[in-house]
Amino acid sequence: MNALLDRLSSPRPDLCFYGLAPPKLSTPAERVQAIVAAQKERLRALGPDALVVYDLQDESARQAEPRPFPFLPTLAPDTYAHELMADLPLAKIVYRSVAGTGRASFERWLKDVANVALTEPRFSVLVGAPARRVGSPGGLALEEAYALARRHASALVLGAIAIAERHTRRGDEHERMLSKAASGCRFFVTQAVYDAGSSKSLLSDYARAARARGLNPMPVVLTFSPCGSPRTLALLKWLGIAVPRWLENELLDARDTLDTSVRLAEEIAEDVLAFAHARQIPVGINVESVSIRKEEIDAAAALFTALRERIRRAAPATSRFT
């Protein structure tokens, strides 16, 4: 786990994460144990630098259209990562939504984390409310959560979300990233990348703005997620992930949607990683595996292996910043 801390400070960390969601809260206990055992076996074989455990939220406030799949609550990410997966010798990066969290509850969580962090690093990505809910009552603002984390759990290693789609709409996501870094965030994890252009624009603007202020860019871990069906594609779009029309058509017209999505993800990753390496922007990859279908789980594992090989063998291009 200390190795991950060292990698976060590297000018070229080339991090490789594997992300998953905990089982549904309604899952029978014996089934949860079977899922845990299978995931441990898979993760030991894959050997990622860290396991990302998501905190899934309803997010119905994101837009007026109904959610393509019904939302079902999951086991608590902390419990899943640090109790059920405790014997997996792997750094765990736990997402935590603060939008529906009261101050007292969040402070209790931070103090518990602080006690553990005295002996082993703890990593967390704090998640704020969807844009449509910002300012709504009943939860912490992200800025307040960062301040409380600095006060009560200074050893907690914080990451943050970076959203290229928001940058395309507003043009200020790089400023949000700089603000989050100033609040103590050590790395960023993006939404699933299906549009290379918007991701390259965000990386470019962020790196230029950081260097203009005399700062080194923090690592940006690019997320890639297999898409196994038109319904999954609809969910990705509902979540606000930008899918270019040509790529959507490729998936809809494909004889094998899943295989096509993996191939396209490899092509997009190669494009964005080469762009980042040529400009000495520290990047990594995160492959999501949030489906319960065996075919999609296997596809995520195959995509992770392929992207890890690509990021390892990519020779640094001639830098424009030497």
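Quick notes
- Within the range 276-299: backbone nitrogen closer than 14 Å to the Lys24 label point (7 Å, Cα to C-beta): 291-293
- Cα-centre dipole for the chain with unit charges at Cβ (Lys and Arg positive, Asp and Glu negative), debye to 20: 800 debye
- Cross-link reach is defined here as a Cα-Cα straight distance under 12 Å, omitting same-chain residues fewer than 8 places apart; for Lys180 the aspartates and glutamates meeting it are Glu143, Glu144.
- Per residue accessible area in Å² of the chain, where ligands, DNA and RNA are left out and the probe is 1.4 Å: 47 Å²
- Approximate spin-label separation Arg245-Ala34, in nm, with each point projected 7 Å along Cα-to-Cβ: 4.6 nm
- Distance violations [Cα-Cα > 30 Å] among Lys111/Lys237; Lys200/Lys294; Lys111/Lys200; Lys237/Lys294; Lys40/Lys200; Lys200/Lys237: Lys111/Lys237; Lys200/Lys294; Lys111/Lys200; Lys40/Lys200
- Relative protection proxy for 36-44, 228-236, from highest mean packing down: 228-236, 36-44 (other beta-carbon atoms within 10 angstrom).
- Computed [θ] at 222 nm, helices only, for the chain once each DSSP H run of length n ≥ 4 contributes -39500 (n - 2.57): -14500 deg cm²/dmol
- Note on Ala209 and Arg231: with the Förster distance fixed at 41 Å, the Cβ-Cβ geometry gives a FRET efficiency of about 0.60.
- Pair Leu118, Arg44: separation of 7 Å Cα→Cβ label points (nm): 3.2 nm
- Surface composition of the chain: carbon plus sulfur atoms hold 51% of the accessible area, using a 1.4 angstrom probe and ignoring ligands, DNA and RNA.
- Evaluated over the chain, the Cα radius of gyration and Dmax, each in Å: 18.8, 56
The values are calculated or read from the model by the stated rules, or taken from the named source; none is laboratory data. No experiment lies behind these values; they were computed from the predicted model shown. Cβ atoms come from the backbone with ideal geometry, glycine included; neighbour counts cover every protein chain shown. Calculation scope for accessible area: heavy atoms of the full protein, side chains included, ligands and nucleic acids excluded. Shrake-Rupley method; radii C 1.70, N 1.55, O 1.52, S 1.80 Å.
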